[in-house]
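So the structure is just underneath, and the comments pick up after that.
The values are calculated or read from the model by the stated rules, or taken from the named source; none is laboratory data. Note that the structure is predicted; figures quoted are calculated from it, not measured. Methodologically, a virtual Cβ is constructed for each residue, glycine included, from the backbone with ideal geometry; neighbour enumeration extends over all protein chains shown.
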Amino acid sequence: MFDSHCHLTDERFAGEVADVLSRARAAGVRGVVTIASGLHDAAAAATLASQHDDVWCTAGVHPHAAQEQEDGWAERLRELLARPRCVAIGEAGLDYFYENSPRAVQRDVFERQLELAAELGLPIVVHSRDAEADTIAMIRAHPEARGVLHCFDAGAPVLDAALEAGWCISFAGLVTFRRYERGDLVAAVPDDRLLVETDSPYLAPVPHRGKRNEPAFVAKVVERVAAYRGQEAAFVGKLTERNARIFYALPD
């Protein structure tokens, strides 16, 4: 298995990363990508990734942090993306639920990162919440960008737009929740576009809900995704590991 999206630099993992990764390996997780939430933690993510052969990282600006960026932030991001083991831009995107940054600012920062992804030939990891119309518009406006919609919980129009653009779709612990209602969309993703993640330390899957999430728990996501798709969990685990390595251009 492969946890395609987690946040190992989060303070809830402080002093425990080695143990967390040990448990993940014991559970059958063969790689993780630790995702930056902003430029403030991208350097820490790169340092962490440099210490483990099965960890890679990203650099990007989350929509929550969009309004905090000062002049020259895009050039600073470009420098961070050049670090060893940095394999994607992100977490970028739009969040109109919390709206911690003005919508116009979110769109500007997201668009600049899409442009950078296309320029550098790097994939982009996208967060989208309550921003379906603008997410679709951004995807269609940048056909040269290659991305993934992480922790997918949008509707069919967003799924269709992403798949038409050649993007991947990643599912997290939400799929294990009792009231989850998008199983048909889990089943609709083609085999070669499917990823799984924990988004840890957030969104721990059942039966760990309410606890701190961690990469080892991606096994529960794999099991539920497999059930929705009518596939074996072992097949989905191997499939999504392969897809993650292709998406992030990682060695087998």
Among Ala24, Ala49, the single one that is over 25 Å from Glu79 (Cβ atoms), under 19 Å from the mean Cα position of the chain (by Cα) and not hydroxyl-bearing (Ser, Thr, Tyr) is Ala24
Checked Val20, Val87 against criteria (closer than 19 Å to Gly147 by Cβ and of a type in the set (A, V, I, L, M, F, W, C)); the one match is Val87
When every residue in region 85-100 that is outside any strand (DSSP E or B) and touching an Asp or Glu at 6+ places or on another chain (Cβ under 8 Å) is compared, the one surrounded by the most Cβ atoms within 10 Å (Cβ to Cβ) is Tyr96
Among the residues of region 29-61, the number that are under 16 Å from Val17 (Cα atoms) and either assigned to a strand (DSSP E or B) or not small (Gly, Ala, Ser) (or both) is 16
In region 62-84, anything assigned to a loop (DSSP other than H, G, I, E, B), surrounded by fewer than 16 Cβ atoms within 10 Å (Cβ to Cβ) and not hydrophobic (A, V, I, L, M, F, W, C) is listed as Glu70, Asp71, Gly72, Pro84
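Yes/no matrix, rows are residues, columns are (1) buried (at least 23 other Cβ atoms within 10 Å of the Cβ); (2) in contact with a strand residue (DSSP E or B) (Cβ under 8 Å, 6 or more places away or on another chain):
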| residue | (1), (2) |
| --- | --- |
| Asp130 | no, yes |
| Leu149 | yes, yes |
| Trp167 | no, yes |
| Tyr180 | no, no |
| Pro190 | no, no |
| Leu195 | yes, yes |
| Gly210 | no, no |
The one condition Asp199 fails out of (1) over 25 Å from Cys86 (Cα atoms); (2) not in a helix (DSSP H, G or I) is (1)
* Asked: If you check Phe171 against the conditions, is it hydrophobic (A, V, I, L, M, F, W, C), over 19 Å from Leu239 (Cα atoms) and either under 16 Å from the mean Cα position of the chain (by Cα) or loosely packed, with under 14 Cβ neighbours inside 10 Å (or both)?
  -> no
Going through (1) crowded, with 18+ Cβ neighbours inside 10 Å; (2) hydroxyl-bearing (Ser, Thr, Tyr); (3) assigned to a helix (DSSP H, G or I) one by one, Thr9 fails only at (3)
Here the residues within region 21-38 that are in contact with a helix residue (DSSP H, G or I) (Cβ under 6 Å, 6 or more places away or on another chain) and buried (at least 18 other Cβ atoms within 10 Å of the Cβ) are Ala24, Val29, Val32, Thr34, Ala36, Gly38
Checked Asp199, Asp153 against criteria (in contact with a Cys (Cβ under 8 Å, 6 or more places away or on another chain), closer than 26 Å to Thr9 by Cβ, buried (at least 16 other Cβ atoms within 10 Å of the Cβ) and not aromatic (Phe, Trp, Tyr)); the one match is Asp199
### Task
Would you mind stating whether Glu144 is modelled with pLDDT of 95 or more, more than 19 Å from His5 (Cα to Cα) and over 16 Å from the mean Cα position of the chain (by Cα)?
yes
Restricting region 12-21 to residues that are of a type in the set (Gly, Ala, Ser) and outside any helix (DSSP H, G or I), the one farthest from the chain's Cα centre (by Cα) turns out to be Gly15
Per the filter on region 214-252, residues free of Cβ contacts under 8 Å to residues at least 60 places away in the same chain and in a loop (DSSP other than H, G, I, E, B) are Gly230, Gln231, Glu232, Pro251, Asp252
